[in-house]
Every structure is written in structure tokens, then in C-alpha cells.
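The values are calculated or read from the model by the stated rules, or taken from the named source; none is laboratory data. Values in this document were obtained by computation on a predicted structure and should not be read as measured data. We place every Cβ from the backbone using ideal geometry, glycine too, and count neighbours over all the protein chains shown. Heavy atoms of the whole protein, side chains included, go into the accessibility calculation; ligands, DNA and RNA do not. Shrake-Rupley method; radii C 1.70, N 1.55, O 1.52, S 1.80 Å.
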Amino acid sequence: MILKAEKISKEFPRQMKNANRFTAVQETDFRLNPGELVIIMGRSGSGKSTLLNMFAGLLQPTAGKIFLDDKSLYDLEDQELSKLRNQHIGMIPQGQTALYSLTMLENICLPYTLYGEEPHEADACALLDRLEISHLRNAMPSELSGGELRRMAIARAMMKKPGILLADEPTSDLDDETTKIVFSFLKESAHNGTAVLIVTHENDAKNYADRSFRMNAGMLCQD
Amino acid sequence: MRLSKSLPFRNLAGKPIRTAILILLTALLSLTVFGGTLMITSLKTGLHSLEDRLGADIMVVPYEATTKANLENIVLQGNTGYFYMDTARLEKIQSREGIGQISAQFYLASANSGCCTIPVQIIGYDPDTDFTISPWIKKSYRNTLQKYDIVVGNDLNAFVGDTLKFYGVECHVAAKLDKTGTSFDTTVFTNADTIKALIQSSLDLHLNTFQNIDPDKVVSCVLINADEEHTPEEIVNDINLHVKKVKAIQTKEMISGVSDSLAGVSNVISILIIAVWLLGIMILLLAFTMSVNERKKEFAVLRVLGASRKKLAGIVMQEACITAFSGSTGGICIGLLIMIPFNNLIEEQLHLPFLLPDVSQLIVYIISAVILSVLTGMISASVSAFRISRIDTGLILRGDN
């Protein structure tokens, strides 16, 4: 799948010195191709996560259009867009994002169960194996470490083998060894045909990237 | 159960204290509404039952009965007592104009001593003229009562075939009446022949406060229905004016005090229901808002995974529905556990007729209370459901870091 952004920008209402709007993402074009791993780096507050949320269909741009193949995301009704996100876009949000009333395996199977579909447990187990957390499949999130929870979020995002994978700081707070496991996995996913976009602070991420961008005060520039 | 369907259950089970508080709140709401409604209905049913049981427009009693062994205390409060007047007065009353139906009754209270099995009010009626008690007794006993046959009220601890002794006379329980929710539930009914024999026996044993009476020449009260051309008020005035030493009372007036008390109790309960309901809605609104705010991030994650705004709102509404249904079921069960076993105690404490509605009516009240509680829970949760369906996913997820 191809993710394409045309002249998108995002402004938020905020009382400033000379204006009442704040530009989080300045007008930009972007394309994410299947099988490539792209990283966006930048300081906190530079607009990276805003951009990622727009790509995920969670935040409507102030201007411009985002296409998933030939579908304009924000021209779709909410139910249609949500279903499309469920089927084709995997997202690893910032922080700990487990549902604490479900076990790790149930959390991972959520993209299926949310729509009443039968989860492919074998796929889930393979993902858990690959991320080295299969022994925790029946553990509750409250029993897991930060790194284990993050790997759970990655497995959950990959559960439906999405065409697009968007990862927001997937390795923050992780030790070097786990960071390596995560980046290797994401690279492997790209190698298998998924279009992977990672927002990160990690300089090491460049070693895995096919292309890298830098975000500075809402402006996206190729490195 | 599929996880998609059980997710609201799992969310609720994951936070047992919060869920228990929500269930308790809805239980309190449904208990108040169901219990209150049942109380008001039972009082109204009791009053109607009392009206039916009195069954006459007018009661005429010896004048002293209105002050001494007060008639209202006997009929309405379940106290025991008796009074008599000469049959000559019955004949005088019979001769007045406007009387459609007329029948005498005989009162006797059994003594709280060895001569009597239980201390109760005994009412005797004349089967030839009676128009109030016979139709009611016929519902439980189709045959004619023979001498020394008695029919017992529903609350008395006696059953068909038992023998009860009053003033040394053994009487056979021929039937047990249906519950009326009135003082008649603790009364024994019999025909004129039997009660005259009992009165004579009480006189013989010197256990009757009236010593110089002939049971064949006295009656306790006279019940009258007006004919079509006269109003009960006209007849009451006529009797009070022309027949000495008696007091004619309209039964409607006699139960007006009960009716007023019932209206008072009903108003208090209604106000309580409304107050608790409004307070409950506000607390539930707050509780659901807090509960959803606390889990904003979980909802944001579901949105990331592809949940539509409608689906998020649906999860909140399902949780509200489950808690409200569980709470209302619990509240109703508590209500039934209070009202059914303790309905006699409630009747005694309120000093008002109290008759629980029949099973079919009770089922209607139960279903209505459940529907009302679930609706209230869902209305309270709808604000939170709407808010959660409008969440800014990006902002919530970023707020974590």
C-alpha cells in the first residue's frame, strides 16, 4: 500500500503573541512506499506525532489531502475510515497502551476481536515468539515491564499484517538490547512488504532506515 | 462469549470497586422507585380492598360505640371490641325511607384466656339479609355456614379443618379467606346463630362486659345501602334525626381519615422517589464521567486500533446498561425481600390497610423498574459516551509522555 500526503498542514487554535493559531505542521508533501522503512527525527514538539496522527486517520489536516492508495482518508465517513484503519494501518502509539482488563494475548488480538472477527492465534503466537515475549501470553499488563508492554503494542499493531505501520517513539525508555530487537523486527516487516514510518529520537534508527527525515518547527525536511 | 461482546464485561470486572459503586447506586435507585411504588400501590390496593369489604353505604352503631369501643378502631385498626343495641332500633331504622338493603351484624371479641384459643374479633352476620360479607366469603367457601362453622381471616394461624375454641365453644374452621390487607385479615366470621351462642357463652362465663343482654334481642351494627332515589347522606341525616341512641355514619366518611393518611404517606414517598432519583442521576452522571475520564487512554487505544466513534460510545453505553441492569435487579430483589416478608409489619406500623398487588401486577412493576433503572443509567452515561466519541486521540496519547 502507498501512503501519500499532498500539501498537508495542521494548525491548532492557540493564543499567541501576534496570532490566535499555532502551526504544528507546515505545508508538506510526503510519500511512503511499500517495503521501505522511513524515519522522522526531530525535537519534542516539532510536530512529528501530529504528522503521524494525520497519516493514521486520527487527526484531520487543516489543509491538504492524505491518500491510502487511491482513497482520500478524510473524505471517508468515520465508520469507513475506522474500518480501513483497522484493516490496513497498524499503529504503535507513544507510551503504555495496554487495556489493563485483558491479558497480553487478548490485547494483541484486539484488532480482530474489536470487529467480532476470529483472531488468528497462531499468527499472534508467532509474533510473540519473534518479539521474545511468548511466555507472557497469559500475563496481565500490570505484571509486565515497560519493554514487554511496548513489544506487546508492536505485536498488536502487526497482528493484521497491515500495509502501513506507523510507530511513534517505539523504543523510548527501552534498553539497548530491546531497542535492537524492536528495530530489527520493524526492518523485517518492511522487508516483507509493509510500508513502515517511525518517529523517533534514536540516532541508531538511521542504520535501519531507507530514507530519513528531520522535523523542525513543523517543517519536514529530508536528511 | 466473544471478546468483542465481552469487552464491556471485562472492563467492568477489571475495576471491581468502581463497578460495585455503580451497581450499588443503581440498586439504591431501583430500590427506592420499586419499593416506593410498591408501597404506594399496596396502600391504594389496601384502601380499595377495605372499601370493597365494608360493602355498604352506611353503618349504624349504638351511639356509645362512636366514643367507647370505637367502631373505626375495630374496622380500620384491627383492635378488638364489641357493643350492642336493641333489635327494636333495627326495626326503627328499617322503617325509614330510602333504604335499599339492610342487614345487622354482631360483634364479639374473644378473650385472652384459657376459654379461647386466640384473642380475635368475631363478626357474625345474618345469612338471610347479608349483602357485605357473604359475597366475599363465597369466594373461599361456597356452602352455607352451619352452626359453629367459622371462616377465618388470612393472617390468622388457623386452617380449614382446625377447631378453635371461643368461650368454651368449639368452632370448626370451614374456610380461610383471601388476604385483604385490612383488619379483616385477623377477624373470624360466622353466622348469626353461632355468634349468638358465643355471646351467650361469654355471658355465662361472666367474660362479657355487657351483663344484662339477651343475644336474641341485640345487634351490634346495621349496614345499609341506599335505594336509587335517595343518597346515603339523606339517609344518614334522617336516621340521626329520628332514631335515638344510634349514630349513622357514611362508610365513605369513615375511611376518609385512612384515605387522607394514605395520600400523606403517598406524597412523602413520591417526593422521596423523585429526590433520590434526581440525586441518583447526578451521582451516576458524575460517576460515569469520572470512570470514562480515568480510561480515556484505553478508549484512545481502541480508536487507534480501528474503533469508530459509534463503537466507543457503544462500549460506554453497554457498560452502563450492564451496571444498571445488575443494580436494578439487586435493588428489586432487596425491595421484594423487604416488602413481601414484612408486609404485615408495615401494615401494623403504618396503621393503614396494606395489600400487596397480585403476581401479574408485581411482574409489571418489576419490569417497569428494571426498564426505568436501565434507562436512567444509560441517560446518565450518554453524556460520557458522547464525550468519549469526540476524543482527540493524538492529544490523549501524547499526554501520557
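Tell me, what HN-Hα J-couplings in whole Hz come from the Karplus equation 6.51 cos²θ - 1.76 cosθ + 1.60 at θ = phi - 60° for each residue of region A:149-158, using x for Gly and Pro?
Result, ordered by residue: 5, 5, 5, 4, 5, 5, 4, 5, 5, 8 Hz.
Taking the Kirkwood radius as the inverse of the mean 1/r across Cα pairs, report the Rg/Rh of the protein assembly as shown.
Computed over Cα atoms, the ratio is 1.32.
Percent antiparallel among DSSP beta bridges with both residues in chain B, to the nearest 5?
Just about 75 percent of them are antiparallel.
Could you please state how large a percent of the accessible area of chain A is carbon and sulfur, counting protein chains only and using a 1.4 Å probe?
45 percent
Pull up all non-local amide H partners of B:D126: gap of 5 or more, or a different chain, and H-to-H distance under 5 Å with H placed in the peptide plane.
Amide H neighbours of B:D126, under 5 Å, 5+ apart: B:A104.
Along the charge dipole of the protein assembly as shown, Cβ charges K/R +1 and D/E -1, which of A:N20, A:L37, A:A56 sits furthest on the positive end?
Towards the positive end, the residue furthest out is A:L37.
Mind running the shape call on region B:248-297? Use the C-alpha gyration tensor, a ≥ b ≥ c as the square roots of the eigenvalues: rounded below 1.5 for a/c, prolate if a/b tops b/c, oblate otherwise. Don't skip to the answer; put the middle values down first.
Details: a/c = 12.13, a/b = 8.80, b/c = 1.38.
Prolate, because a/c is 1.5 or more and a/b exceeds b/c.
Within 10 Å of each Cβ in peptide A:49-58, how many partner chain Cβ atoms are there on average? Round it to a whole number, please.
Partner Cβ neighbours, averaged per residue: 3.
If you bin every alpha carbon distance in region B:53-251 into 10 Å steps from zero, what whole percent lands in each bin?
P(r) over region B:53-251, rounded to whole percents: 9, 37, 37, 15, 2, 0.
How much accessible area per residue does chain A have, in Å², with a 1.4 Å probe?
On the way: 9590 Å² over 223 residues.
Per residue, chain A has an accessible area of 43 Å².
Calculated FRET efficiency, B:L279 and B:C333, Cβ-Cβ r, R0 22 Å, to nearest 0.05? Each step should come with its number before you reach the end.
Numbers: r = 22 Å, r/R0 = 1.00.
Computed FRET efficiency for B:L279 and B:C333 comes out at 0.50.
Rg and Dmax in Å for region A:1-75, alpha carbons only: what are they?
13.2, 44
On average, how much accessible surface per residue is there in chain B, in Å², for a 1.4 Å probe, leaving out ligands, DNA and RNA?
I get 46 Å² per residue for this part.
Defining a contact as two alpha carbons under 8 Å apart and six or more residues distant in sequence, what relative contact order in percent does region B:53-251 show? Don't skip to the answer; put the middle values down first.
Values: 408 pairs, mean separation 68.9, N = 199.
About 35 percent, as a whole number.
Take peptides A:215-221, B:271-277 and line them up by average Cβ neighbours within 10 Å, highest first, as a rough protection proxy. Before the final figure, lay out the partial values.
Details: A:215-221: 16.9, B:271-277: 14.6.
The most tightly packed comes first, giving A:215-221, B:271-277.
Mind listing the long-range amide H neighbours of A:R31? Cut-off is under 5 Å, sequence gap 5 or more, other chains count too, H placed in the peptide plane at 1.01 Å from N.
A:A5
Taking a ≥ b ≥ c as the square roots of the Cα gyration tensor eigenvalues, with a/c under 1.5 meaning rounded and otherwise prolate when a/b beats b/c, else oblate, which class fits region B:210-269?
Details: a/c = 3.03, a/b = 1.56, b/c = 1.95.
Oblate.
What figure in square angstrom, to the nearest 10, would you give for the accessible area of B:V364 with a 1.4 Å probe?
B:V364 exposes around 90 Å² with every protein chain in place.
Name the shape class, rounded, prolate or oblate, that the alpha-carbon gyration tensor gives for region B:167-237, where a ≥ b ≥ c are the square roots of its eigenvalues, rounded holds for a/c under 1.5, and otherwise prolate holds if a/b is larger than b/c and oblate otherwise.
oblate
Roughly speaking, what is the stretch gain from A:K206 to A:E11, that is 0.36 nm per residue apart minus the C-alpha to C-alpha distance, in nm to one decimal?
67.3 nm
Give B:K44/B:K247; A:K7/B:K296; B:K92/B:K179; B:K196/B:K247 a once-over and call out the pairs whose C-alpha atoms are over 30 Å from each other.
Distance filter (> 30 Å) returns A:K7/B:K296; B:K92/B:K179.
Please report the accessible area of A:Y100 (heavy atoms, 1.4 Å probe, ligands and nucleic acids excluded) in Å², nearest 10.
Accessible area of A:Y100: about 100 Å².
Got the relative contact order for chain B handy, in percent, Cα pairs under 8 Å and 6 or more residues apart?
28 percent
Looking at chain B, do any whole DSSP H helices span at least 27 angstrom along their long axis by alpha carbon and average 0.5 or above on Kyte-Doolittle, and which?
What comes out of the filter, once short or polar helices are dropped, is B:16-54, B:256-294, B:309-339, B:359-389.
Greater than 28 Å separation of Cα atoms is the criterion. Which listed pairs, A:K48/A:K187; A:K160/B:K310; B:K139/B:K165, meet it?
Over 28 Å Cα-Cα: none of the listed pairs.
Starting at the first residue of region B:163-169, write each ³J(HN,Hα) from the Karplus equation 6.51 cos²θ - 1.76 cosθ + 1.60 with θ = phi - 60°, in whole Hz, x for Gly and Pro.
10, 10, 10, 10, 6, x, 9
With solvent modelled as a 1.4 Å probe, how much accessible area in total do chains B and A shield from it at their shared surface, in Å² to the nearest 100?
Interface area, both chains combined: 2600 Å², rounded to the nearest 100.
To the nearest 20 Debye, how big is the dipole of chain B about its Cα centre, given +1 on the beta carbon of each Lys and Arg and -1 on that of each Asp and Glu?
Dipole size: approximately 3320 debye.
At 0.36 nm per residue, minus the direct Cα-Cα distance, what do A:T62 and A:E80 gain on full extension? Give it in nm, one decimal, please. The partial results should precede the final answer.
Numbers: separation 18, 0.36 × 18 = 6.48 nm, distance 2.05 nm.
Result for the pair: 4.4 nm of gain on full extension.
Mind checking the mean number of beta-carbon atoms from other chains within 10 Å of the Cβ atoms in A:107-119?
4
To the nearest 20 debye, what charge dipole does the protein assembly as shown have about its Cα centre, counting +1 at the Cβ of each Lys and Arg and -1 at the Cβ of each Asp and Glu?
Working: 59 positive and 68 negative charges, 568 e Å.
Roughly 2720 debye for the protein assembly as shown.
Skipping prolines and chain starts, which residues have an amide H placed within reach, meaning under 5 Å, of the one on A:N216, given they are 5 or more residues away or on another chain?
A:C221
Could you look at region B:53-251 and say what percent of its accessible area is carbon and sulfur, using a 1.4 Å probe and all protein chains?
Working: 3940 of 8970 Å².
The computed percentage sits at 44.
Using θ = phi - 60° and the Karplus curve 6.51 cos²θ - 1.76 cosθ + 1.60, what whole-Hz ³J(HN,Hα) does each residue of region A:213-220 get, with Gly and Pro shown as x?
Along region A:213-220, the couplings run 10, 10, 10, 9, 6, x, 9, 9 Hz.
Got a sec? Charge dipole of region B:53-251, +1 on Cβ for Lys and Arg, -1 for Asp and Glu; which of B:A104, B:V169, B:I199 is way out at the positive end?
It is B:V169.
Per residue of A:87-99, how many C-beta atoms from partner chains lie within 10 Å of its own C-beta, taken as a mean? Before the final figure, lay out each step's value.
Details: counts 1, 1, 3, 3, 7, 1, 13, 6, 7, 3, 9, 3, 11.
The shielding value for this peptide is 5.
Which parts of region A:62-86, residue by residue, lose 10 Å² or more of accessible area when the rest of the protein chains are there, as against the chain isolated (1.4 Å probe)?
Checking the loss per residue gives A:D78, A:Q79, A:S82, A:R85, A:N86.
What is the extension gain from B:T289 to B:N237, computed as 0.36 nm multiplied by their sequence separation minus the C-alpha to C-alpha distance, in nm to one decimal?
Working: separation 52, 0.36 × 52 = 18.72 nm, distance 6.62 nm.
The span from B:T289 to B:N237 would gain 12.1 nm if fully extended.
Averaging sequence separations of C-alpha pairs under 8 Å and six or more residues apart, then dividing by the length of region B:119-188, give the relative contact order as a whole percent.
Value for region B:119-188: 38 percent.
Looking only at region B:283-323, which residues have a backbone nitrogen under 19 Å from a spot 7 Å from the Cα of B:F9 in the C-beta direction?
In region B:283-323, the label zone of B:F9 (backbone N under 19 Å from the point 7 Å along Cα→Cβ) covers B:314-323.
Where the only charges are on Cβ atoms (+1 Lys, Arg; -1 Asp, Glu), what is the dipole of region B:53-251 about its Cα centre, to the nearest 20 debye?
Details: 17 positive and 25 negative charges, 104 e Å.
Dipole size: approximately 500 debye.
Sort A:171-178, B:318-325, B:366-373 by packing, meaning the average of other beta carbons within 10 Å per residue, with the highest value first.
By packing density, highest mean first, the sequence is B:318-325, B:366-373, A:171-178.
Place +1 on the Cβ of every Lys and Arg and -1 on the Cβ of every Asp and Glu in the protein assembly as shown, take the dipole about the Cα centre, and give the residue among A:S212, B:L352, B:S373 whose Cα lies farthest towards its positive end.
Value: A:S212.
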